[in-house]
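Peer 1: First the structure, which I've put down as C-alpha cells, then a few questions once you've had a look.
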Amino acid sequence: MAVTGWLESLRTAEKTALLQDGRRKVHYLFPDGKEMAEEYDEKSGELLVRKWRVKSALGALGQWQIEVGEPALPGAGSLGPEFIKENNANPIFMRKDTKMSFQWRIRNLPYPKDVYSVCVDQKERCVIVRTTNKKYYKKFSVPDLDRHQLSLDESSLSFAHANCTLIISYQKPKEILAAEAELQKELKKVKTAHSSDGDCKTQ
C-alpha cells in the first residue's frame, strides 16, 4: 500500500517540466510546501539528479539537498567565502543510480577491496560501510525504500572497487521498478516546455 501512497503524492503534486540540454527536468511542488526536482536523461529515461528543498519555519527557502547526482561544488555551499574548500583528497560520497540498481560511489578511497565491509543494519534501516584499517566509516539510508516502506535486503547489496572508487549497488526491488515505470507514464502526461520557450508551464 505504501508504494501507492508515494505514487499518489507524486501524482497530486503540482508539476512543471522542461526539456534542456538533453535532460528532462521535472519540478514537483507538494501541498506541504516541499519541493523536489528531478532530471532524467531524455533518451534513456535514467534518473540523473534528484534534490529536495524545504521551507524554513519562517517561510524562507532552504538550500537544495541532493539525494541523487553529483554533490554541489566545494565553495558553492552556504559557507560563503570561496577560500573555504574541502580537501580534494577527502572521500567524496555521491549517488548515481542505474535502471536496475541504486548505486553509490565513494571516490578517493585508495585501499584494496578486501579492506571494505558493506552491510545492512535492519534496525537503523541503513547501509554501513567500514574499513578494517579504521580509516573510513559511513552509514547512509536508502530514501526510496523508506518512502515505499520496504525493508533492506542484505542479498540485494554488492560492491566493487576500482580507480580509488568504491561502488556500492543495491538491486531495486520489483515494487520500486513497478513504481518507477508508473511514474514515467505519469510524467509523459505533463506538458513539457523546451528551454527556448522561456518559463515552463504548470500542469
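Peer 1: For region 55-64, how many residues meet the condition of being more than 21 Å from MET94 (Cβ to Cβ) and either at pLDDT 95 or above or open to solvent by 50 Å² or more (accessible area, probe 1.4 Å) (or both)? If you could, list the steps in order and put the result at the bottom.
Peer 2: First, the residues of region 55-64 that are more than 21 Å from MET94 (Cβ to Cβ): 55-61.
Now narrow it down to the ones that are either at pLDDT 95 or above or open to solvent by 50 Å² or more (accessible area, probe 1.4 Å) (or both): 55-58, 60-61.
Within region 55-64, residues that are more than 21 Å from MET94 (Cβ to Cβ) and either at pLDDT 95 or above or open to solvent by 50 Å² or more (accessible area, probe 1.4 Å) (or both) number 6.
Peer 1: A further question on this structure: Quick one: which residue in ALA193, ALA179, ALA162 is more than 20 Å from the chain's Cα centre (by Cα) and within 30 Å of LEU18 (Cβ to Cβ)?
Peer 2: On the way: ALA179 fails: more than 20 Å from the chain's Cα centre (by Cα); ALA162 fails: within 30 Å of LEU18 (Cβ to Cβ).
Result: ALA193 is the single residue among ALA193, ALA179, ALA162 that is more than 20 Å from the chain's Cα centre (by Cα) and within 30 Å of LEU18 (Cβ to Cβ).
Peer 1: So the check is Cβ under 7 Å with 6+ separation or different chains; which pairs have a first residue in region 1-20 that's on the phi > 0 side of the Ramachandran plot and at pLDDT below 90 and a second one that's of a type outside the set (D, E, K, R) and not in a helix (DSSP H, G or I)?
Peer 2: Every condition considered, no pair remains.
Peer 1: If I go through region 162-197 residue by residue, how many of them are open to solvent by 30 Å² or more (accessible area, probe 1.4 Å) and over 16 Å from PHE102 (Cα atoms)?
Peer 2: 14
Peer 1: Now for a separate question. Looking only at region 32-45, filter to residues that are at pLDDT 90 or above and of a type outside the set (A, V, I, L, M, F, W, C); which one of those is farthest from MET94 (Cα to Cα)? Talk me through it step by step, then tell me what you get.
Peer 2: Residues of region 32-45 that are at pLDDT 90 or above, as a first pass: 34-41.
Adding the requirement that they be of a type outside the set (A, V, I, L, M, F, W, C) leaves 34-35, 38-41.
Details: LYS34: 22, GLU35: 21, GLU38: 16, GLU39: 16, TYR40: 17, ASP41: 18 Å.
Of everything passing the filter in region 32-45, LYS34 is farthest from MET94 (Cα to Cα).
Peer 1: Quick check, is LEU73 modelled with pLDDT under 90, over 27 Å from PRO31 (Cα atoms), in a loop (DSSP other than H, G, I, E, B) and not hydroxyl-bearing (Ser, Thr, Tyr)? Give the steps one after another, and end with the answer.
Peer 2: Working: modelled with pLDDT under 90: yes; over 27 Å from PRO31 (Cα atoms): yes; in a loop (DSSP other than H, G, I, E, B): yes; not hydroxyl-bearing (Ser, Thr, Tyr): yes.
For LEU73, the condition - modelled with pLDDT under 90, over 27 Å from PRO31 (Cα atoms), in a loop (DSSP other than H, G, I, E, B) and not hydroxyl-bearing (Ser, Thr, Tyr) - is met.
Peer 1: Can you give me the ranges of the strands (runs of 3 or more DSSP E) entirely in region 84-187 with at least 1 residues that are touching a residue at least 60 places away in the same chain (Cβ under 8 Å)? Break it down stepwise before answering.
Peer 2: Values: elements: 92-95, 101-107, 116-121, 126-131, 137-140, 157-162, 165-171.
In region 84-187, 101-107, 165-171 are the strands (runs of 3 or more DSSP E) which contain 1 or more residues that are touching a residue at least 60 places away in the same chain (Cβ under 8 Å).
Peer 1: Could you check region 38-47 and list, in sequence order, the residues that are under 22 Å from TRP6 (Cβ atoms) and surrounded by fewer than 18 Cβ atoms within 10 Å (Cβ to Cβ)? Let's see the steps before the verdict.
Peer 2: The first filter runs over region 38-47 and keeps only residues under 22 Å from TRP6 (Cβ atoms), leaving 38-40, 45-47.
Result: GLY45, GLU46.
Peer 1: Given the structure, is GLU67 open to solvent by less than 50 Å² (accessible area, probe 1.4 Å), at pLDDT 90 or above, among the acidic types (Asp, Glu) and over 18 Å from VAL142 (Cα atoms)?
Peer 2: Values: open to solvent by less than 50 Å² (accessible area, probe 1.4 Å): yes; at pLDDT 90 or above: yes; among the acidic types (Asp, Glu): yes; over 18 Å from VAL142 (Cα atoms): no.
Answer is no for this residue.
Peer 1: Continuing with this model, one more query. From the list VAL115, VAL127, VAL142, which one is among the hydrophobic types (A, V, I, L, M, F, W, C) and more than 17 Å from the chain's Cα centre (by Cα)?
Peer 2: Details: VAL127 fails: more than 17 Å from the chain's Cα centre (by Cα); VAL142 fails: more than 17 Å from the chain's Cα centre (by Cα).
That would be VAL115, the only listed residue that is among the hydrophobic types (A, V, I, L, M, F, W, C) and more than 17 Å from the chain's Cα centre (by Cα).
Peer 1: Just give me the residues in region 21-34 being exposed (fewer than 13 other Cβ atoms within 10 Å of the Cβ) and either in contact with a Leu (Cβ under 9 Å, 6 or more places away or on another chain) or in contact (Cβ under 8 Å) with a residue 12 or more places away in the chain (or both), in sequence order. Give the steps one after another, and end with the answer.
Peer 2: Pass one, region 21-34, residues exposed (fewer than 13 other Cβ atoms within 10 Å of the Cβ): 21-22, 31-33.
ASP21, GLY22, PRO31, GLY33 - these are the residues of region 21-34 that are exposed (fewer than 13 other Cβ atoms within 10 Å of the Cβ) and either in contact with a Leu (Cβ under 9 Å, 6 or more places away or on another chain) or in contact (Cβ under 8 Å) with a residue 12 or more places away in the chain (or both).
The values are calculated or read from the model by the stated rules, or taken from the named source; none is laboratory data. Just so it is clear, the structure is predicted and the values come from calculations on it, not from any experiment. Reconstructed Cβ throughout: ideal geometry from the backbone, glycine too, with neighbour counts over all protein chains shown. We work out accessible area using only protein heavy atoms, side chains counted, and drop any ligands, DNA or RNA first. Shrake-Rupley method; radii C 1.70, N 1.55, O 1.52, S 1.80 Å.
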